[in-house]
Amino acid sequence: MKISGFRGFLVVWLGQFVSIFGSALTRFALTIWIYRETGSATALALSGFFALVPLMILMPLGGAMADRWNRKKVLIASDMTSGCSTAALLILFFTGNLEIWHLYLANAVSSAAEAFQYPAFMAAMSMIVPKEHFSRANGMRDLARSASSIFAPLVAGALLAFISIGQVMAVDLATFAVAIFTLSIVQIHLCLLSKTNSIYKSLFFCGFIKLIASSSVGNRQFLKLA
């Protein structure tokens, strides 16, 4: 029997937190790799550009379509897409064929996947979490992203003192597996079609809110590089 209710949310949240944290580890490690290889702030800025633009373009669409599609399948597909992107980079790294443009492409793919993942998670959360736990769930959701942004670079820096960048990416792949497993054991109900229009509009708006938030973060990152 699949897990449901707030316990189900906790399981999904844990998987998504681990996945987000792993992705942040890889992002920081590859930032170090770019700087080592090029010594160029422009290359770093371009990496951030390709990580942001697909998210900005597709997030409103992802927010709108999160209600139309099966949320669990969207979340799993997003994790698998990002995982495949990381796996490709890992293979290129260990074979000595990794180039800067590979990172730009991988960032764009992962960014596009996130544009559908975040609204789908928001929509799934509304179907899993009882109303009395909404505030708590929202706080935990924000905590996962904030903690990853703050602590992942510190952890990645510590790991790079002992392991290679490729091994950090391998850790990231393991976190995707954890996220997919947690999603597979949780029951996420589909919404009723009669509610589609209202939820459709709210998730479309959610996409714009996430887009603005992501843009502000991206702007701060570019300012740091300047």
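If we sort 26-33, 181-188 on the protection proxy, mean other Cβ atoms within 10 Å, highest first, what's the order?
Packing proxy ranking, top to bottom: 26-33, 181-188.
Fewest Cβ neighbours within 10 Å first, please rank K131, K2, K72 accordingly.
Lowest to highest Cβ neighbour count: K131, K2, K72.
Using per-residue counts of other Cβ atoms within 10 Å, averaged over each peptide, order 44-54, 143-153 from highest down.
Per-residue mean Cβ counts within 10 Å order the peptides as 44-54, 143-153.
Restricting the calculation to Cα positions, tell me the Rg (one decimal) and the Dmax (whole number) of the stretch 49-145 in Å.
15.6, 52
Most exposed first by the Cβ proxy, i.e. fewest other Cβ within 10 Å, how do E37, E114 rank?
The most exposed by this proxy come first: E37, E114.
Every number in this text was worked out from the coordinates using simple rules, so none of it is lab data. Keep in mind that what you see is a predicted model, and the values were worked out from it rather than measured. For neighbour counting, all protein chains shown are included, and Cβ atoms are generated from backbone atoms with ideal geometry for every residue, glycine included.
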